[in-house]
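Working notes, structure below.
The values are calculated or read from the model by the stated rules, or taken from the named source; none is laboratory data. Keep in mind the model is a prediction, meaning the values are calculated, not measured. Every residue, glycine among them, receives a Cβ derived from its backbone with ideal geometry; neighbour counts consider all protein chains shown. These area figures cover heavy atoms from the full protein model, side chains too; ligands, DNA and RNA do not enter into them. Shrake-Rupley method; radii C 1.70, N 1.55, O 1.52, S 1.80 Å.
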Amino acid sequence: MAKLVMTEEETMLADMARGFLDGSAPVSKFREMRDAGQTFDREMWKEMADMGWAGVLVPEDAGGSDMGFAAANVIAQEMGKTLAVSPFISSAVIAATALRQVSDARATEALGRIASGEATYALAVDEGIKFDPDACQMEASADGNGFRLNGKKQFVVDGALADRLLVLARTENGLTLFDIPADRAGVQRDASNMIDARDAARITFENVEATGDDVLGAVDQAMDVLRPALQAGQAALAAEMTGLSAGAFDMTVGYLKERKQFGIEIGRFQALQHRAAHLWCEIEVTASAILNAGRMLDTDPEGAELAVSLAKARATDTAKLAVIEGVQMHGGIGMTDAYDMGFYMKRARVGAEWLGDYSYHAEKIAAARGF
């Protein structure tokens with residue numbers, strides 16, 4: 001199969017994103033934020049919103065730029081190269097896609113607030129050690145014309161600082177998705193210190209009131225709204241991980257050209273050249289899978305599941321290879337915080353688990369192929 005390549009418009013978007021991120025969100029800024037215990041730069045997020053990134057999937061009539069899923073993946077891929085920290089995937093991709101499934105004034109207003117950078121979201125789905133929305137046990141019991149939410153969620157990425165939460169809960173005849181403010185009475189957020197320094201939280205819901213207006217979509221039909229949002233998030237996360245792989249690769253090649261052993265640059269050793277060439281090929285093939293997933297989401301969202309799972313599985317595998325090779329070729333220093341390679345390794349590990357690990361998506365691919 002021929003390698004997919006970016007269109008002229010996608011290339012221009014990538015170049016624009018690269019210019020902004022190199023200046024405003026280099027890896028050195030990630031290091032500064034991590035050392036200061038900071039996981040979210042609201043000023044930088046406002047700048048991203050001003051460029052249309054927060055509204056990349058928000059319709060123009062709601063105040064967004066509506067560039068599409070392929071464009072969202074281009075932006076996410078460039079963010080991955082510098083480990084930029086932002087609520088882009090949680091808010092601009094997952095929440096925006098979920099809200100797009102609902103045609104009412106409330107959803108339109110919420111989309112506008114995402115596009116402007118005023119509102120950030122987090123997705124509260126996970127309850128066990130692995131991603132499995134269908135296993136949700138959090139209870140939403142009927143209470144008059146509304147509900148009472150009781151239960152716990154963990155690994156809520158961007159959950160410690162988000163303004164609003166998309167919460168999956170079990171109602172009488174199925175699963176229901178709720179859109180509630182994060183500071184509602186009964187919601188307790190405990191920040192979780194993830195190894196890649198990205199914002200996350202464990203969240204406890206104790207008799208949290210939810211009205212009918214808080215239901216996103218229809219009662220007992222959460223997956224009608226959530227499934228497209230999850231696929232969009234999985235594709236964007238795969239794109240970020242592919243950018244991460246490219247960033248780790250560039251750093252490794254730069255080191256091979258500078259580090260000398262026996263009086264010559266180690267990049268001249270044929271064995272290391274072969275390993276670097278293999279990694280480059282893997283990144284290029286994965287980048288094609290990312291492009292395909294974005295285009296499928298734009299043109300055939302109902303048939304995009306296989307393309308998205310293939311992209312996430314490949315991106316997970318490629319990122320693992322990229323950071324392993326990067327650490328090994330850097331030697332012992334690659335494992336330490338003295339070199340940025342260790343940050344790429346930690347981000348790759350978190351990305352591998354979020355929204356479904358390699359095994360989860362491999363099973364999706366096998367099922368789609370009838371295995």
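Each residue of the stretch 214-271 gets 107 Å³ once the volume of the Cα convex hull is shared out per residue.
Here the calculated FRET efficiency for ALA277 and SER359, from their Cβ-Cβ distance with R0 = 25 Å, stands at 0.30, rounded to the nearest 0.05.
Each of ALA287, GLN328, THR318 was placed along the dipole of the stretch 226-371 (beta-carbon charges, centred on the mean Cα), and the one lying farthest toward the positive end is GLN328. A cut-off of 5 Å between modelled amide H atoms, ignoring neighbours fewer than 5 places along the same chain, links ASP143 with ARG148. Principal axis extents of the Cα atoms in the stretch 8-120, from largest to smallest and rounded to whole angstrom, are 42, 36, 18. Think of the stretch 59-192 as a dipole: +1 on every Lys or Arg Cβ, -1 on every Asp or Glu Cβ, centred on the Cα centre; then among CYS136, PHE147, ILE94, CYS136 lies furthest on the positive end.
Based on DSSP H runs of at least 4 residues, each adding -39500 (n - 2.57), what is the mean residue ellipticity at 222 nm of the chain after dividing by all its residues, to the nearest 500 deg cm²/dmol? Display every interim value, and only then the final one.
On the way: 11 runs with 183 residues, N = 371.
That comes out to -16500 deg cm²/dmol.
Computed from label points 7 Å out along Cα-Cβ, the spacing between THR204 and ALA338 is 4.3 nm.
For the stretch 136-209, the set of GluC sites (Glu not before Pro) satisfying both a DSSP loop assignment and a count of at most 16 other C-beta atoms within 10 Å is given as GLU172.
With a cut-off of 12 Å between beta carbons, the residues surrounding PRO133 carry a summed charge of 0, where Lys and Arg count +1 and Asp and Glu -1.
With a 10 Å cut-off between alpha carbons and a GNM built on the chain, which of ASP66, ASP300, ASP224 moves the most? Of ASP66, ASP300, ASP224, the Gaussian network model singles out ASP300 as fluctuating most. Using a Gaussian network model of the chain in which every pair of alpha carbons under 10 angstrom is joined by a spring, one finds that among THR82, THR299, THR318 the greatest mean-square fluctuation is at THR299. Ignoring lysines fewer than eight residues from LYS257 along the same chain, the ones with Cα atoms less than 26 angstrom from its Cα are LYS29, LYS81, LYS320, LYS346. Cross-link partners of LYS152 among lysines, defined as those whose alpha carbon lies under 21 angstrom from its own and excluding same-chain residues fewer than eight positions apart: LYS130.
Quick check: convex hull over the Cα atoms of the chain, volume per residue in Å³, rounded to an integer?
Working: hull volume 51.6 nm³, N = 371.
Roughly 139 Å³ of hull volume per residue.
Between amide H atoms placed 1.01 Å from N, distances below 5 Å from ALA182 occur with ARG164, LEU165, all of them 5 or more places distant or on a separate chain. Accessible area of ASP104 (1.4 Å probe, protein heavy atoms only, ligands and nucleic acids ignored): about 70 Å². Rounded to the nearest 20 debye, the dipole magnitude of the stretch 25-78 is 300 debye, with +1 charges on Lys and Arg beta carbons, -1 on Asp and Glu beta carbons, and the Cα centre as origin. List the aspartates and glutamates whose Cα sits under 16 Å from the Cα of LYS364, skipping any in the same chain fewer than 8 residues away. Counting by Cα, and skipping residues close in sequence, LYS364 has these aspartates and glutamates nearby: ASP132, ASP134, GLU302, GLU305, ASP317, GLU353.
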